[in-house]
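Values quoted throughout were computed directly from the atomic coordinates according to the rules given, and no laboratory measurement underlies them. This structure is a prediction, so every number in the text was calculated from the model and none was measured.
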Amino acid sequence: MGDSFLTQEEIDALLPDLLAGDREEEKKKAVPAPHPAGAGQEAPHLERILEIPLLVRVTLGEATKSLQDVLSLIPGSILEFERSVNEPVDILLNDKVIARGTVVTVGENFGIRVTEIVTQAERLQKMA
C-alpha cells in the first residue's frame, strides 16, 4: 500500500464490512466454535486492513482565545490550557478519542504512555 494515507471516504467504505464482521465475531463468541482459530490468526476481513497507515494525534489541551490574543502571540508567549498537568492527554484517530495517556520522553522525542483505552467495539463505533 505504500506510505500514503487513506482518505476519509476510503475509510468510511471499509468500516461497514469491518463492523459487520465484528458483530459476526461477537455472535460466534456466544456459541463455542468446534475448531477455534489458532493464536495470532486474524479474521479474513481484518487481514485486508491491518496494514493501513493511520494518522494518530495527541491533544495536550484546548484553550479559547480571542483573535486579538492569537495575533498578539510572539516567540516566548505561553498558552495556558484548561487541562491540569496531572490529567492524561487524549489520543485521537479521526478526531475521535480512542485512548488516553501520559506524556513521556523517548530519547529526544516525546511519547505517550497509554494509560486508558476504549474497547475495540467502542473504537469502531466512534470511527463509524
Note: the range 51-128 at 4 °C, 1.567 mPa s; Kirkwood Rh on alpha carbon pairs; Stokes-Einstein D in µm²/s works out to 88 µm²/s
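Could you give the length gained on full extension between Ile52 and Ala13, defined as 0.36 nm per residue of separation minus the Cα-Cα distance, in nm?
12.7 nm
When the chain is fully extended, how far beyond the present Cα-Cα distance does Ile74 get from Leu92, taking 0.36 nm per residue of separation? Present the calculation step by step, with values, prior to reporting the outcome.
Details: separation 18, 0.36 × 18 = 6.48 nm, distance 2.84 nm.
Taking 0.36 nm per residue and subtracting the Cα distance, the gain is 3.6 nm.
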